[in-house]
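Every read-out reported here was derived from the displayed coordinates using simple, explicitly stated rules and does not represent laboratory data. Everything numeric in this text was worked out from a predicted model, so none of it was measured. Reconstructed Cβ throughout: ideal geometry from the backbone, glycine too, with neighbour counts over all protein chains shown.
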Amino acid sequence: MSILNFRNSKAEGRKLSMVTCYDYTFARLLSKSSIDALLVGDSVAMAIHGYDSTLPASVDMMRIHTQAVARGAAGKFIVADMPFLSFRKGRKAALNAAQQLMTAGAHAVKLEGVDGHEDAIQRLVESGVPVMGHLGLQPQSVHAYGGFKVQGRDAGAAKNILRQAAGLEALGCFAIVLECVPAEVAREITAAIGIPTIGIGAGAGCDGQILVLQDLLGLTVDFQPKFARPFCAGADVVLDALRRFDESVKAGSFPAREESYA
Ligand code: KIV
């Protein structure tokens, strides 16, 4: 999988699957799957580090997790998130942040929004860094929204997202994540632009879908948004294994003779 597959998939009508990945163990598993591409998302701050937003993700945090994923998922196309404000402090700061992520093993970077940092996007693209956009709900703007809220519900807001999507395409982005927008809006944007849209909470009309891996595996025990379908009961599997280990230890049946050294 490479950036070329993103371009071709839309023309061929082939849907793209993406999941987030933050660590080596899951990267090894994902390397054996048919999932098209991995995102080292800044959601790592929430899913792994337990923060209540993505804002605490730093370039350093993203670099370390990108390195771990790249070590485990050779052969997969890896996108890494540009964290909060890393692309808003001018072109040089954006290039420095992207350098950290690309040399850590990412094949592309993703950044939220477009207005006000067109020059950074343009410079990255010109410098050979594939850029994925991210529109709709932009979690780095959670405090500006007053919470994690669906975007583009009225005609003006929907039009604004479409305008931004066209802008990202014109700047040379190779794909756009559409997060938490009404399905009809996402469908319209998908039809209007030539690069693939990857939806999360954006309905079935996108060119691909992405989920946070922990949500997909049913490992999230706290709040789970309605779009995040768990494809297995991961928390139950883990808790059952932990219960059986605990019982075996306490019953003296673990470790068995064949699990011990003579
Ligand atoms: O960081 C992340 O997990 C993301 C997805 C929601 C697309 O950006």
For the range 1-78, compute Rh as the Kirkwood radius over C-alpha pairs and then the Stokes-Einstein diffusion coefficient at 20 °C and 1.002 mPa s; write the answer in µm²/s, rounded to an integer. 163 µm²/s
Burial ranking of peptide ranges 234-241, 117-124, 45-52 (average Cβ count within 10 Å, highest at the top): 117-124, 45-52, 234-241
Which residue, 164, 224, 100, tops the fluctuation ranking in a GNM of the chain built on C-alpha contacts under 10 Å? 224
Can you give me the angle between helix 155-171 and the longest principal axis of the chain, using Cα atoms only, in degrees from 0 to 90, rounded to the nearest 10? 90 degrees
Using a 10 angstrom cutoff on alpha carbons, build the Gaussian network for the chain and name the most mobile of 144, 80, 202. 144
Looking at this model, which pairs from 10/92; 89/110; 76/159 are more than 24 angstrom apart at the alpha-carbon? 10/92; 76/159
Mean Cβ neighbour count within 10 Å, used as a protection proxy, ranking 128-134, 155-161 highest first: 128-134, 155-161
For residue 224 and residue 155 in one chain, what is 0.36 nm times their gap in residues minus the Cα-Cα distance, to one decimal in nm? 22.1 nm
So for the range 3-231, what are the equivalent ellipsoid semi-axes in whole Å, largest first, each being the square root of 5 times an eigenvalue of the Cα gyration tensor? 23, 21, 19
Expected 222 nm ellipticity per residue - DSSP helices of 4 or more, -39500 (n - 2.57), all of the chain, to 500: -12500 deg cm²/dmol
Hey, with R₀ at 45 Å, roughly what FRET efficiency would residue 144 and residue 25 work out to, going by the Cβ-Cβ distance, to 0.05? 0.80
Assuming R0 = 30 Å, what is the FRET efficiency of residue 33 and residue 240, from their Cβ-Cβ distance, to the nearest 0.05? 0.85
Any idea what Rg and Dmax come out to for the range 178-259 if you just take the C-alpha atoms, in Å? 20.4, 65
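How much length would be gained if the chain were fully extended between residue 127 and residue 247, taking 0.36 nm per residue of separation minus their Cα-Cα distance, in nm to one decimal? The partial results should precede the final answer.
Numbers: separation 120, 0.36 × 120 = 43.20 nm, distance 5.68 nm.
Stretched fully, the residue 127-residue 247 segment lengthens by 37.5 nm.
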